[in-house]
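Asker: Have a look at this one before I ask anything.
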Amino acid sequence: MPPRRLTPLEAPVRLEVDGKRIEAREGEPVAVSLAAAGRLTLGRSVKYHRPRGAACYVGRCDGCLMRVDGVQSVMTCRLPARDGLKIETQNVVGSAKLDLLAATDWFFPGGMNHHEMFTWNEAVNKVMQKIARRIAGIGEIPDAVVPPRPSPEHAVDVLVIGAGPAGLRAAAVLARAGRSVTVLDEEATPGGSLRWWPTDVAFEGTRHARAALAERFVARAHEAGAQLVPRTSAIAAYDPWEDVAGAPPGVAAPPTRSGAPVIVADGVDHLARYRPTRTVIASGRHQGASAFEGADAPGVLEVRGACVLWSHGVLPGREVVLAGSDPALDALREALAAHAEVHGPFPLESMQEADGRPSIEGATVLVDGASREIDCDCVVLSPPSSAVYELAAQLGVGVRWAGAGFELDVEADGRTAANDVRVVGSAAGVHGLDAAVAHAERVATHMLEATR
(Lines give C-alpha, C1' and ligand atoms only; values in the text may rest on other atoms or scores of the structure.)
Protein backbone atom coordinates (compact mmCIF):
# COMPACT_ATOMS: atom_id res chain seq x y z
CA MET A 1 0.00 0.00 0.00
CA PRO A 2 1.28 3.52 -0.76
CA PRO A 3 1.86 6.18 1.93
CA ARG A 4 -1.17 8.09 3.13
CA ARG A 5 -1.99 11.25 5.03
CA LEU A 6 -2.92 10.89 8.68
CA THR A 7 -4.70 14.22 8.84
CA PRO A 8 -7.13 15.57 6.22
CA LEU A 9 -6.15 18.46 3.98
CA GLU A 10 -7.70 21.84 4.62
CA ALA A 11 -7.90 24.32 1.72
CA PRO A 12 -5.67 22.15 -0.52
CA VAL A 13 -3.86 23.41 -3.57
CA ARG A 14 -3.84 21.42 -6.80
CA LEU A 15 -0.81 20.26 -8.73
CA GLU A 16 -0.75 18.83 -12.25
CA VAL A 17 1.50 15.76 -12.35
CA ASP A 18 1.99 14.16 -15.76
CA GLY A 19 -1.43 15.47 -16.80
CA LYS A 20 -3.24 14.32 -13.65
CA ARG A 21 -4.41 16.50 -10.76
CA ILE A 22 -3.38 15.80 -7.17
CA GLU A 23 -4.14 17.74 -4.01
CA ALA A 24 -1.42 19.06 -1.73
CA ARG A 25 -0.97 21.15 1.37
CA GLU A 26 0.30 24.58 0.38
CA GLY A 27 3.95 25.08 1.27
CA GLU A 28 4.84 21.46 1.92
CA PRO A 29 7.62 19.97 -0.25
CA VAL A 30 6.25 18.78 -3.59
CA ALA A 31 8.00 15.42 -3.11
CA VAL A 32 5.99 14.97 0.10
CA SER A 33 2.79 15.84 -1.79
CA LEU A 34 3.63 13.20 -4.39
CA ALA A 35 4.30 10.54 -1.75
CA ALA A 36 1.04 11.37 0.04
CA ALA A 37 -0.77 10.91 -3.28
CA GLY A 38 0.76 7.45 -3.65
CA ARG A 39 3.37 8.49 -6.22
CA LEU A 40 6.67 6.90 -5.08
CA THR A 41 8.34 6.34 -8.47
CA LEU A 42 9.36 9.80 -9.63
CA GLY A 43 11.90 8.97 -12.30
CA ARG A 44 14.39 6.49 -13.67
CA SER A 45 18.12 5.97 -13.24
CA VAL A 46 20.23 7.65 -15.89
CA LYS A 47 21.87 4.60 -17.49
CA TYR A 48 19.66 1.55 -16.98
CA HIS A 49 16.33 3.28 -16.32
CA ARG A 50 15.64 1.47 -13.10
CA PRO A 51 12.86 2.98 -10.93
CA ARG A 52 13.91 5.80 -8.61
CA GLY A 53 12.15 7.80 -5.94
CA ALA A 54 12.96 10.22 -3.14
CA ALA A 55 15.02 8.60 -0.37
CA CYS A 56 16.22 11.49 1.80
CA TYR A 57 13.69 14.34 1.26
CA VAL A 58 16.45 16.80 2.20
CA GLY A 59 18.15 17.45 -1.14
CA ARG A 60 20.97 14.93 -0.80
CA CYS A 61 19.89 12.31 -3.32
CA ASP A 62 18.71 12.65 -6.91
CA GLY A 63 15.58 10.53 -6.66
CA CYS A 64 13.14 13.44 -6.70
CA LEU A 65 14.36 15.28 -9.84
CA MET A 66 11.45 16.25 -12.10
CA ARG A 67 10.57 18.88 -14.68
CA VAL A 68 8.59 21.73 -13.10
CA ASP A 69 6.91 24.49 -15.09
CA GLY A 70 9.20 23.81 -18.04
CA VAL A 71 12.46 23.73 -16.04
CA GLN A 72 14.37 20.45 -15.92
CA SER A 73 15.91 18.58 -12.98
CA VAL A 74 14.19 20.46 -10.15
CA MET A 75 14.64 18.92 -6.70
CA THR A 76 11.00 18.53 -5.73
CA CYS A 77 11.90 17.91 -2.08
CA ARG A 78 13.10 21.54 -2.00
CA LEU A 79 10.13 23.01 -3.87
CA PRO A 80 7.14 24.29 -1.84
CA ALA A 81 3.79 23.19 -3.23
CA ARG A 82 1.64 25.95 -4.68
CA ASP A 83 -1.49 25.93 -6.76
CA GLY A 84 -1.07 25.30 -10.47
CA LEU A 85 2.43 23.82 -10.55
CA LYS A 86 2.95 21.66 -13.64
CA ILE A 87 5.18 18.69 -12.83
CA GLU A 88 6.42 16.13 -15.34
CA THR A 89 8.54 13.01 -15.27
CA GLN A 90 11.64 13.55 -17.37
CA ASN A 91 13.72 11.17 -19.49
CA VAL A 92 11.17 8.38 -19.95
CA VAL A 93 9.36 6.87 -22.90
CA GLY A 94 5.95 6.07 -21.50
CA SER A 95 5.67 6.88 -17.81
CA ALA A 96 7.72 6.71 -14.64
CA LYS A 97 5.92 3.53 -13.66
CA LEU A 98 6.20 1.90 -17.11
CA ASP A 99 9.21 3.26 -18.97
CA LEU A 100 9.98 1.53 -22.27
CA LEU A 101 13.62 2.61 -21.97
CA ALA A 102 13.90 0.19 -19.04
CA ALA A 103 14.51 -2.44 -21.73
CA THR A 104 18.09 -1.16 -21.63
CA ASP A 105 18.55 -3.02 -18.35
CA TRP A 106 17.14 -6.21 -19.89
CA PHE A 107 19.42 -6.01 -22.94
CA PHE A 108 22.55 -5.43 -20.85
CA PRO A 109 22.17 -7.58 -17.70
CA GLY A 110 25.93 -7.74 -17.26
CA GLY A 111 26.49 -4.00 -17.63
CA MET A 112 26.96 -1.56 -20.49
CA ASN A 113 30.27 -0.07 -21.63
CA HIS A 114 28.83 2.91 -23.47
CA HIS A 115 32.28 4.49 -23.91
CA GLU A 116 33.33 1.87 -26.48
CA MET A 117 29.94 0.82 -27.83
CA PHE A 118 29.68 0.77 -31.63
CA THR A 119 32.96 2.64 -32.09
CA TRP A 120 34.05 0.34 -34.93
CA ASN A 121 32.12 2.38 -37.52
CA GLU A 122 31.91 6.17 -37.64
CA ALA A 123 28.40 6.39 -39.13
CA VAL A 124 26.99 3.77 -36.77
CA ASN A 125 28.75 5.44 -33.84
CA LYS A 126 27.11 8.80 -34.59
CA VAL A 127 23.68 7.15 -34.58
CA MET A 128 24.52 5.38 -31.33
CA GLN A 129 25.65 8.62 -29.73
CA LYS A 130 22.23 10.14 -30.39
CA ILE A 131 20.54 7.09 -28.90
CA ALA A 132 22.86 7.17 -25.88
CA ARG A 133 22.10 10.82 -25.25
CA ARG A 134 18.40 10.06 -25.30
CA ILE A 135 18.78 7.12 -22.95
CA ALA A 136 21.23 8.77 -20.57
CA GLY A 137 19.77 12.28 -20.41
CA ILE A 138 18.48 13.85 -17.22
CA GLY A 139 16.05 16.29 -18.75
CA GLU A 140 15.68 18.52 -21.78
CA ILE A 141 16.62 22.18 -21.78
CA PRO A 142 14.08 24.66 -20.32
CA ASP A 143 11.07 25.67 -22.39
CA ALA A 144 12.11 29.33 -22.20
CA VAL A 145 15.42 31.16 -22.05
CA VAL A 146 16.47 31.75 -18.45
CA PRO A 147 17.68 35.35 -18.15
CA PRO A 148 20.97 36.08 -16.36
CA ARG A 149 20.61 36.99 -12.72
CA PRO A 150 22.86 39.17 -10.58
CA SER A 151 25.29 37.55 -8.15
CA PRO A 152 25.45 39.92 -5.18
CA GLU A 153 28.37 39.91 -2.77
CA HIS A 154 28.01 40.38 0.99
CA ALA A 155 30.70 41.09 3.58
CA VAL A 156 29.84 39.83 7.08
CA ASP A 157 31.69 39.31 10.33
CA VAL A 158 30.38 35.75 10.75
CA LEU A 159 28.66 33.40 8.33
CA VAL A 160 26.86 30.50 9.99
CA ILE A 161 26.16 27.46 7.77
CA GLY A 162 23.09 25.68 9.13
CA ALA A 163 20.04 26.93 11.04
CA GLY A 164 19.54 24.03 13.40
CA PRO A 165 19.50 24.63 17.18
CA ALA A 166 23.32 24.74 17.40
CA GLY A 167 23.73 27.16 14.50
CA LEU A 168 20.95 29.42 15.76
CA ARG A 169 22.38 29.55 19.28
CA ALA A 170 25.87 30.39 18.00
CA ALA A 171 24.38 33.10 15.77
CA ALA A 172 22.42 34.61 18.66
CA VAL A 173 25.49 34.78 20.94
CA LEU A 174 27.66 36.35 18.24
CA ALA A 175 25.04 38.84 17.03
CA ARG A 176 24.23 39.91 20.58
CA ALA A 177 27.88 40.87 20.96
CA GLY A 178 27.60 43.25 18.02
CA ARG A 179 28.91 41.06 15.21
CA SER A 180 27.16 41.12 11.85
CA VAL A 181 25.90 37.54 11.42
CA THR A 182 24.20 35.82 8.49
CA VAL A 183 22.80 32.29 8.78
CA LEU A 184 22.31 30.17 5.63
CA ASP A 185 20.10 27.09 5.63
CA GLU A 186 18.86 24.69 2.94
CA GLU A 187 15.42 24.31 4.44
CA ALA A 188 12.47 26.63 3.87
CA THR A 189 11.94 26.93 7.63
CA PRO A 190 14.85 27.14 10.11
CA GLY A 191 14.94 24.88 13.14
CA GLY A 192 16.80 21.79 11.97
CA SER A 193 15.92 18.51 13.66
CA LEU A 194 13.29 20.24 15.80
CA ARG A 195 11.18 20.46 12.63
CA TRP A 196 11.35 16.80 11.65
CA TRP A 197 12.19 14.75 14.77
CA PRO A 198 9.42 12.13 15.00
CA THR A 199 6.72 12.44 17.64
CA ASP A 200 3.23 11.02 17.76
CA VAL A 201 1.17 12.86 15.15
CA ALA A 202 -1.93 12.23 17.23
CA PHE A 203 -0.34 13.94 20.23
CA GLU A 204 -0.56 17.53 19.09
CA GLY A 205 0.91 18.85 22.34
CA THR A 206 4.26 17.18 21.66
CA ARG A 207 4.45 18.39 18.06
CA HIS A 208 3.49 21.91 19.02
CA ALA A 209 6.03 21.92 21.85
CA ARG A 210 8.87 21.05 19.48
CA ALA A 211 7.69 23.62 16.91
CA ALA A 212 7.45 26.25 19.64
CA LEU A 213 11.00 25.41 20.77
CA ALA A 214 12.25 25.82 17.21
CA GLU A 215 10.49 29.19 17.00
CA ARG A 216 12.19 30.31 20.21
CA PHE A 217 15.64 29.53 18.78
CA VAL A 218 14.73 31.42 15.60
CA ALA A 219 13.27 34.37 17.52
CA ARG A 220 16.35 34.72 19.73
CA ALA A 221 18.64 34.79 16.71
CA HIS A 222 16.41 37.39 15.02
CA GLU A 223 16.16 39.51 18.18
CA ALA A 224 19.94 39.46 18.56
CA GLY A 225 20.28 40.88 15.05
CA ALA A 226 21.25 37.82 12.99
CA GLN A 227 19.98 37.63 9.42
CA LEU A 228 18.46 34.26 8.48
CA VAL A 229 18.50 33.26 4.81
CA PRO A 230 16.39 30.13 4.15
CA ARG A 231 16.34 27.86 1.08
CA THR A 232 19.98 28.68 0.43
CA SER A 233 22.82 26.15 0.23
CA ALA A 234 26.49 27.00 0.74
CA ILE A 235 27.94 25.06 -2.18
CA ALA A 236 31.59 26.11 -2.53
CA ALA A 237 34.43 28.07 -0.97
CA TYR A 238 37.54 29.45 -2.59
CA ASP A 239 40.41 31.79 -1.86
CA PRO A 240 39.92 35.07 -3.72
CA TRP A 241 42.79 35.91 -6.04
CA GLU A 242 43.03 39.10 -8.03
CA ASP A 243 45.35 40.13 -10.84
CA VAL A 244 48.19 42.43 -9.84
CA ALA A 245 47.64 45.87 -11.35
CA GLY A 246 50.28 47.41 -13.53
CA ALA A 247 51.49 44.35 -15.46
CA PRO A 248 52.84 45.09 -18.97
CA PRO A 249 50.32 44.64 -21.81
CA GLY A 250 50.07 41.04 -22.93
CA VAL A 251 52.00 39.74 -19.89
CA ALA A 252 50.11 37.67 -17.35
CA ALA A 253 50.87 38.99 -13.89
CA PRO A 254 50.97 36.59 -10.92
CA PRO A 255 47.78 36.74 -8.87
CA THR A 256 47.75 37.86 -5.28
CA ARG A 257 45.49 36.78 -2.47
CA SER A 258 42.88 39.42 -1.74
CA GLY A 259 41.54 38.66 1.73
CA ALA A 260 38.92 36.45 3.36
CA PRO A 261 37.68 33.33 1.57
CA VAL A 262 34.59 33.62 -0.59
CA ILE A 263 31.67 31.27 0.04
CA VAL A 264 29.23 30.74 -2.83
CA ALA A 265 25.59 30.20 -1.90
CA ASP A 266 22.85 28.83 -4.14
CA GLY A 267 19.63 30.68 -3.32
CA VAL A 268 16.08 30.43 -4.59
CA ASP A 269 16.76 32.14 -7.92
CA HIS A 270 20.37 33.31 -7.89
CA LEU A 271 23.88 32.68 -6.64
CA ALA A 272 25.35 34.94 -3.97
CA ARG A 273 28.87 35.39 -2.66
CA TYR A 274 29.75 35.93 0.99
CA ARG A 275 33.04 37.20 2.36
CA PRO A 276 32.94 36.38 6.08
CA THR A 277 35.73 37.22 8.47
CA ARG A 278 34.88 33.98 10.29
CA THR A 279 32.71 31.00 9.46
CA VAL A 280 30.76 28.69 11.76
CA ILE A 281 29.96 25.24 10.34
CA ALA A 282 26.70 23.95 11.84
CA SER A 283 25.60 21.83 8.89
CA GLY A 284 24.99 18.57 10.73
CA ARG A 285 25.54 15.15 9.21
CA HIS A 286 25.05 13.12 6.02
CA GLN A 287 23.25 9.80 6.22
CA GLY A 288 25.39 6.97 4.87
CA ALA A 289 24.50 4.42 2.19
CA SER A 290 23.64 0.73 2.40
CA ALA A 291 24.66 -1.95 -0.10
CA PHE A 292 22.12 -4.69 -0.74
CA GLU A 293 19.92 -5.69 -3.64
CA GLY A 294 17.14 -3.14 -4.10
CA ALA A 295 18.58 -0.59 -1.67
CA ASP A 296 17.92 2.20 -4.19
CA ALA A 297 14.33 1.23 -5.06
CA PRO A 298 11.36 3.57 -4.43
CA GLY A 299 10.04 2.88 -0.94
CA VAL A 300 13.50 2.49 0.62
CA LEU A 301 14.04 5.59 2.74
CA GLU A 302 16.77 7.09 4.84
CA VAL A 303 15.60 7.56 8.40
CA ARG A 304 15.54 11.33 8.06
CA GLY A 305 13.49 11.03 4.86
CA ALA A 306 10.90 8.92 6.69
CA CYS A 307 10.92 11.44 9.54
CA VAL A 308 10.34 14.32 7.12
CA LEU A 309 7.29 12.51 5.69
CA TRP A 310 6.04 11.86 9.20
CA SER A 311 6.55 15.49 10.23
CA HIS A 312 4.21 16.50 7.40
CA GLY A 313 1.58 14.05 8.59
CA VAL A 314 2.31 11.40 5.95
CA LEU A 315 2.58 7.74 6.97
CA PRO A 316 5.53 6.35 4.96
CA GLY A 317 4.02 2.86 4.73
CA ARG A 318 1.50 0.41 6.18
CA GLU A 319 4.10 -2.31 6.84
CA VAL A 320 7.53 -0.90 7.61
CA VAL A 321 10.88 -2.63 8.07
CA LEU A 322 13.47 -0.72 10.10
CA ALA A 323 17.21 -1.44 9.93
CA GLY A 324 20.10 0.25 11.68
CA SER A 325 20.77 1.96 14.97
CA ASP A 326 19.93 5.59 15.62
CA PRO A 327 17.94 7.58 18.21
CA ALA A 328 15.77 8.97 15.38
CA LEU A 329 15.02 5.43 14.23
CA ASP A 330 13.90 4.47 17.74
CA ALA A 331 11.72 7.57 17.96
CA LEU A 332 10.24 6.82 14.54
CA ARG A 333 9.42 3.27 15.59
CA GLU A 334 7.46 4.53 18.59
CA ALA A 335 5.63 7.09 16.48
CA LEU A 336 4.70 4.60 13.73
CA ALA A 337 3.60 1.81 16.07
CA ALA A 338 0.02 3.07 16.44
CA HIS A 339 -0.50 3.45 12.69
CA ALA A 340 1.50 0.72 10.92
CA GLU A 341 2.90 -2.77 11.33
CA VAL A 342 6.54 -2.21 12.24
CA HIS A 343 9.26 -4.87 11.93
CA GLY A 344 12.62 -4.32 13.61
CA PRO A 345 14.83 -2.50 13.92
CA PHE A 346 17.17 -5.18 12.56
CA PRO A 347 20.95 -4.83 12.36
CA LEU A 348 21.83 -3.00 9.17
CA GLU A 349 24.09 -5.82 8.00
CA SER A 350 21.17 -8.27 8.19
CA MET A 351 19.40 -6.60 5.24
CA GLN A 352 19.70 -8.86 2.19
CA GLU A 353 17.17 -7.58 -0.33
CA ALA A 354 14.31 -5.18 -0.95
CA ASP A 355 12.08 -6.79 -3.56
CA GLY A 356 9.48 -5.34 -5.93
CA ARG A 357 9.21 -3.18 -9.01
CA PRO A 358 8.68 -0.33 -9.46
CA SER A 359 8.36 0.09 -5.65
CA ILE A 360 9.12 -2.49 -3.00
CA GLU A 361 6.68 -5.17 -1.88
CA GLY A 362 8.86 -7.10 0.53
CA ALA A 363 12.25 -7.44 2.19
CA THR A 364 14.56 -10.32 3.02
CA VAL A 365 16.35 -10.07 6.37
CA LEU A 366 18.86 -12.43 7.95
CA VAL A 367 17.51 -13.42 11.38
CA ASP A 368 19.29 -15.97 13.60
CA GLY A 369 21.30 -17.21 10.64
CA ALA A 370 18.26 -17.81 8.41
CA SER A 371 16.75 -15.62 5.67
CA ARG A 372 13.33 -14.28 6.61
CA GLU A 373 10.99 -12.77 4.03
CA ILE A 374 8.78 -9.94 5.26
CA ASP A 375 5.88 -8.41 3.34
CA CYS A 376 6.33 -4.64 3.50
CA ASP A 377 5.82 -1.47 1.48
CA CYS A 378 8.55 0.61 3.10
CA VAL A 379 12.10 0.03 4.37
CA VAL A 380 13.72 2.66 6.57
CA LEU A 381 17.50 2.57 6.91
CA SER A 382 19.83 4.26 9.36
CA PRO A 383 23.42 3.63 8.24
CA PRO A 384 26.33 5.28 10.07
CA SER A 385 26.54 8.98 9.29
CA SER A 386 29.31 11.37 8.31
CA ALA A 387 29.80 14.99 9.23
CA VAL A 388 28.84 17.28 6.35
CA TYR A 389 32.47 17.93 5.50
CA GLU A 390 32.66 19.17 1.89
CA LEU A 391 32.54 22.92 2.51
CA ALA A 392 34.58 22.65 5.71
CA ALA A 393 37.32 20.79 3.81
CA GLN A 394 37.39 23.53 1.16
CA LEU A 395 37.89 26.05 3.96
CA GLY A 396 40.90 24.13 5.29
CA VAL A 397 39.33 22.01 8.05
CA GLY A 398 40.92 18.56 8.46
CA VAL A 399 38.82 15.52 7.54
CA ARG A 400 39.49 11.97 8.75
CA TRP A 401 37.92 8.57 8.24
CA ALA A 402 36.59 7.28 11.56
CA GLY A 403 35.82 3.69 10.60
CA ALA A 404 32.16 4.18 9.69
CA GLY A 405 32.08 7.72 8.35
CA PHE A 406 34.04 10.93 7.90
CA GLU A 407 34.60 13.28 10.82
CA LEU A 408 36.00 16.81 11.02
CA ASP A 409 39.11 17.46 13.07
CA VAL A 410 37.69 19.77 15.72
CA GLU A 411 38.97 20.75 19.16
CA ALA A 412 36.69 20.97 22.19
CA ASP A 413 36.17 24.70 21.70
CA GLY A 414 35.27 24.25 18.03
CA ARG A 415 38.63 25.36 16.68
CA THR A 416 40.02 23.79 13.54
CA ALA A 417 43.17 23.89 11.43
CA ALA A 418 41.61 26.87 9.66
CA ASN A 419 41.92 29.71 12.16
CA ASP A 420 38.83 31.51 10.87
CA VAL A 421 36.53 28.44 10.93
CA ARG A 422 34.69 26.89 13.89
CA VAL A 423 32.48 23.79 13.93
CA VAL A 424 29.53 23.27 16.27
CA GLY A 425 26.86 20.68 17.03
CA SER A 426 26.63 17.26 15.42
CA ALA A 427 29.06 18.26 12.66
CA ALA A 428 31.63 18.43 15.48
CA GLY A 429 30.51 15.06 16.85
CA VAL A 430 28.38 16.56 19.64
CA HIS A 431 25.00 14.80 19.72
CA GLY A 432 21.76 15.50 21.54
CA LEU A 433 19.87 18.79 21.65
CA ASP A 434 21.08 20.07 25.01
CA ALA A 435 24.70 19.07 24.42
CA ALA A 436 24.78 20.57 20.92
CA VAL A 437 23.28 23.88 22.05
CA ALA A 438 25.63 24.14 25.03
CA HIS A 439 28.59 23.36 22.77
CA ALA A 440 27.54 26.05 20.29
CA GLU A 441 27.30 28.63 23.07
CA ARG A 442 30.79 27.75 24.35
CA VAL A 443 32.28 27.90 20.86
CA ALA A 444 30.69 31.29 20.13
CA THR A 445 31.92 32.65 23.47
CA HIS A 446 35.47 31.47 22.74
CA MET A 447 35.29 33.12 19.32
CA LEU A 448 34.39 36.42 20.92
CA GLU A 449 37.15 36.15 23.50
CA ALA A 450 39.72 35.36 20.79
CA THR A 451 38.82 38.46 18.77
CA ARG A 452 38.77 41.05 21.54
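The values are calculated or read from the model by the stated rules, or taken from the named source; none is laboratory data. Note that the structure is a prediction, hence the values are computed from the model and not measured. Note: ideal-geometry Cβ built from the backbone for every residue, glycine included; neighbour counts use all protein chains shown. Side chains are part of the model used for accessible areas, which takes the heavy atoms of the whole protein and leaves out ligands, DNA and RNA. Shrake-Rupley method; radii C 1.70, N 1.55, O 1.52, S 1.80 Å.
Asker: Using label points projected 7 Å from each Cα along Cα→Cβ, tell me how many nm separate Lys86 and Thr445, to one decimal.
Answerer: Computed distance between label sites Lys86 and Thr445 equals 5.8 nm.
Asker: Using the Cα centre of the chain as origin and beta-carbon charges of +1 (Lys, Arg) and -1 (Asp, Glu), tell me which of Ala236, Ala297, Leu101 is placed farthest towards the positive end of the dipole.
Answerer: Going by the Cα projections, it comes out as Ala236.
Asker: Efficiency by 1/(1 + (r/R0)^6): what FRET value for His154 and Glu334, r their Cβ-Cβ distance, R0 = 56 Å, to the nearest 0.05?
Answerer: About 0.85, to the nearest 0.05.
Asker: List every residue whose amide H lies under 5 Å from the amide H of Glu28, counting only residues 5 or more places away in sequence or on a different chain, with H placed 1.01 Å from N in the peptide plane.
Answerer: Amide H neighbours of Glu28: Ala81.
Asker: Length gain on complete extension for the stretch Arg60 to Glu341, per 0.36 nm per residue less the alpha carbon to alpha carbon distance?
Answerer: 98.4 nm
Asker: Using each residue's phi in region 409-414, evaluate 6.51 cos²θ - 1.76 cosθ + 1.60 at θ = phi - 60° and report the 3J(HN,Hα) Karplus result to the nearest Hz, with x for Gly and Pro.
Answerer: So the J values, rounded to whole Hz, are 7, 10, 7, 4, 8, x.
Asker: Further, regarding this structure: What's the magnitude of the charge dipole for region 1-44 around its Cα centre, counting Lys and Arg as +1 and Asp and Glu as -1 at the beta-carbon? Answer in Debye, nearest 20.
Answerer: Once rounded to the nearest 20, the dipole reads 200 debye.
Asker: OK, next. Where does each of 178-187, 212-221, 74-83 land if you order them by average Cβ count within 10 Å, highest first?
Answerer: Working: 178-187: 21.8, 212-221: 17.5, 74-83: 19.4.
Output ranking for 178-187, 212-221, 74-83: 178-187, 74-83, 212-221.
Asker: Same structure, new question: Would you mind telling me the share, in percent, of accessible area of region 139-233 contributed by carbon and sulfur at probe 1.4 angstrom?
Answerer: The nonpolar share, carbon plus sulfur, comes to 56 percent.
Asker: Starting from the amide H of Val380, placed 1.01 Å from N in the peptide plane, find each other amide H under 5 Å away whose residue is 5 or more places distant or on another chain.
Answerer: Sorted by chain and number, the residues that satisfy this are Leu301, Val321, Leu322, Ala323.
Asker: Computed FRET efficiency, Cβ-Cβ of Ala393 and Ala438, R0 25 Å: what is it to the nearest 0.05?
Answerer: Result of the calculation: an efficiency of 0.45.
Asker: Can you find, among Val367, His339, Val410, the residue farthest towards the positive end of the dipole of region 320-452? Put +1 on the C-beta of Lys and Arg, -1 on that of Asp and Glu.
Answerer: Val410
Asker: Oh, and also: Work out which helices of the chain, taken as complete DSSP H runs, extend at least 24 Å along their axis over the Cα atoms and score a mean Kyte-Doolittle of -0.5 or more, then list them.
Answerer: Long hydrophobic helices here: 433-450.
Asker: A further question on this structure: Residue-wise, which Karplus ³J(HN,Hα) couplings in Hz belong to region 370-379, taking 6.51 cos²θ - 1.76 cosθ + 1.60, θ = phi - 60°, and x for glycine or proline?
Answerer: Karplus values, whole Hz, x for Gly and Pro: 10, 6, 10, 8, 10, 6, 7, 10, 7, 10.
Asker: Looking at (1) 10; (2) 29; (3) 21, which value of percent of Cα pairs over 42 Å apart comes from a calculation on the structure shown?
Answerer: (3)
Asker: Treat every Asp and Glu Cβ in region 302-398 as -1 and every Lys and Arg Cβ as +1, leave all other atoms uncharged, and give the resulting dipole magnitude about the Cα centre to the nearest 20 debye.
Answerer: Taking the Cα centre of region 302-398 as origin, the dipole is about 280 debye.
Asker: Could you pull out every residue, at least 5 positions away or on a different chain, whose amide H is within less than 5 Å of the one on Val399? Hs are placed 1.01 Å off N in the peptide plane, and Pro or chain starts have none.
Answerer: Those lying under 5 Å, H to H, from Val399 are Asp409.
Asker: With each label point set 7 Å from Cα along the Cα-Cβ vector, what nm distance links Asp368 and Arg134?
Answerer: Here the modelled spin labels are 5.5 nm apart.
Asker: With labels modelled as points extended 7 Å from the Cα through the Cβ direction, what inter-label distance (nm, one decimal) is found for Asp269 paired with Leu213?
Answerer: 3.7 nm
Asker: Lys and Arg at +1, Asp and Glu at -1: add these up for the other residues within a Cβ distance under 15 Å of Ala444 and post the number.
Answerer: +3
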